[in-house]
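A short write-up of the structure that comes next.
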Protein chains: 4
Amino acid sequence: MNTKLIQDRLAQFSLERDWDKFHAPKNLAIALSVECSELLEEFQWLTEEDSACVMNDPDQAARIRDELADITAYLLQLAGKLSVDLEDAVLKKIEKNAAKYPVEKFKGSAKKYNR
Amino acid sequence: MNTKLIQDRLAQFSLERDWDKFHAPKNLAIALSVECSELLEEFQWLTEEDSACVMNDPDQAARIRDELADITAYLLQLAGKLSVDLEDAVLKKIEKNAAKYPVEKFKGSAKKYNR
Amino acid sequence: MNTKLIQDRLAQFSLERDWDKFHAPKNLAIALSVECSELLEEFQWLTEEDSACVMNDPDQAARIRDELADITAYLLQLAGKLSVDLEDAVLKKIEKNAAKYPVEKFKGSAKKYNR
Amino acid sequence: MNTKLIQDRLAQFSLERDWDKFHAPKNLAIALSVECSELLEEFQWLTEEDSACVMNDPDQAARIRDELADITAYLLQLAGKLSVDLEDAVLKKIEKNAAKYPVEKFKGSAKKYNR
């Protein structure tokens, strides 16, 4: 994913509409959270099994793609504002989690995963 | 961002811990939403102005980087499960939004942005 | 539930700590959403079946009671600020929903419930 | 607020539509979180100051009342399922918080409130 290109396009989009004044990190964090809930709404009454088949329905698939796009857009905008390199952050977090959740201790356990 | 590499590392991480059984799309959507709220918690009592300075505090900056990493990780895992190409989805959504929010009509307006 | 008594106690609590300045409706709405996610976190990796048994574990039961209390507290504070009578609002909403979801059309259907 | 009456009406509503099968605590916790985000959406681009005036616009006021009603409905349903007495829980939580946040130490401080 060319995050720089997407961030530039989003910045251009905001600039043209003079919307940057709304985009304080606090507001972008709210918007990101709201978009994730819109995505979650697609799954709320489904069983786990049925949730694996949501892309079979073209209308639902289109809505889900749009919600994932909105989440990605706000995530990239917020990371841009805060000068966070997401790729670097996520790779470091995976290493950190590998140390925090050693295989021998956490294998197959949701209980331990939870706490 | 090399999304394929990150998705592979996350898949490997889950596989080693036998956690994939917990990762139905419904559950990943919940986890994504929960992580966004943990990020939002960092901003909840700040003014918009102060929210622009959160990275000046090294401890808060580290927490925010970790939350952004968690969000990215769940977003990529969920997109992977649902076979959604996030880069393609976001670029299409920007075009769609450009048609939905024409510059001349929405310039500078939060009210219109909201509805 | 004596909502007036609880709202008075919460107002007193904020007043003593000079926290009312943080409690703009926007911030209370964020806090309410954050608390709901903390509650949701308790359920995120559980099956629906297991989620019905969460109160059997005393530690988890205590955490859930605390999260429900936090949600109630922010909900009552926000309703107080906005002068919304929650009892009246919910009873009217039930009537509205009864008209929107007629029994004969929506019986047993999650799909229709969803949309 | 007559929580028992509201809970009975909500139970009746679900029973008539055979929706109780969707209402595992996990799903109700998701629904509660989704409704809180719909409320938060009303505030997301507003300044804190403007958020104090949302009830002046009759349309927005009606939407906010409806969202607060939805949140109350899911909160009461979930508390009912888990046999939690919300009034008791919130009064105990206020006492707990009074001990956790002594006036002399936390007066006027958002920073301390946050952590």
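Here are the numbers for the structure shown:
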read-out	value
Candidate set from the stretch A:70-107 (those that are surrounded by 14 or more Cβ atoms within 10 Å (Cβ to Cβ) and among the small types (Gly, Ala, Ser)); member that is farthest from the chain's Cα centre (by Cα)	A:ALA98
Qualifying positions in the stretch D:49-81 - part of a helix (DSSP H, G or I) and either of a type in the set (D, E, K, R) or outside the structural domain of D:LEU10 (by TED's automatic domain parsing) (or both)	D:GLU49, D:ASP50, D:ASP59, D:ARG63, D:ARG65, D:ASP66, D:GLU67, D:ASP70, D:LYS81
Options D:ASP18, D:ASP66; residue that is surrounded by fewer than 22 Cβ atoms within 10 Å (Cβ to Cβ) and on the phi > 0 side of the Ramachandran plot	D:ASP18
Answer residue from the stretch D:23-48, given it is assigned to a helix (DSSP H, G or I) and small (Gly, Ala, Ser) and is surrounded by the fewest Cβ atoms within 10 Å (Cβ to Cβ) among those	D:ALA31
Matching residues, the stretch C:1-45, being basic (Lys, Arg) and closer than 14 Å to D:SER37 by Cα	C:LYS26
First in the stretch C:60-80 and at the interface with chain D (Cβ under 7 Å from one of its Cβ atoms), second anywhere and of a type in the set (Asp, Glu) and part of a helix (DSSP H, G or I), Cβ under 8 Å, 6 or more apart	C:ASP70/C:GLU35; C:ASP70/C:GLU38; C:ILE71/C:GLU35
The stretch B:1-22, residues that are closer than 13 Å to B:LEU75 by Cβ and of a type outside the set (Ser, Thr, Tyr)	B:MET1, B:ILE6, B:GLN7, B:LEU10
Residue satisfying condition, being closer than 30 Å to B:SER51 by Cα and acidic (Asp, Glu), within set C:GLU42, C:GLU48	C:GLU42
Residue within the stretch C:17-30 that is among the polar types (S, T, N, Q) and out of contact with any Phe, Trp or Tyr (no Cβ under 8 Å at 6 or more places or on another chain) present	no
Matching option when the condition is more than 26 Å from B:ASP85 (Cα to Cα) and of a type in the set (D, E, K, R), among A:LYS81, A:LYS105	A:LYS105
Condition broken by C:VAL84, with the remaining ones in (1) part of a helix (DSSP H, G or I); (2) closer than 28 Å to D:ARG65 by Cβ satisfied	(1)
Test: residue in the stretch D:98-111 that is part of a helix (DSSP H, G or I), modelled with pLDDT under 95, within 27 Å of A:ASP20 (Cα to Cα) and within 14 Å of chain A (Cβ to nearest Cβ)	yes
Residue ID - farthest from B:LEU28 (Cα to Cα), chosen from residues in the stretch A:11-46 that are touching a residue at least 24 places away in the same chain (Cβ under 8 Å) and at the interface with another protein chain (Cβ under 7 Å from one of its Cβ atoms)	A:PRO25
Test: B:ALA11 is of a type outside the set (D, E, K, R), closer than 21 Å to A:ALA89 by Cβ and buried (at least 18 other Cβ atoms within 10 Å of the Cβ)	no
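The values are calculated or read from the model by the stated rules, or taken from the named source; none is laboratory data. All values reported here derive from a predicted model rather than from experimental measurement. No Cβ is skipped: glycine too gets one built from the backbone with ideal geometry, and neighbour counts run over all protein chains shown.
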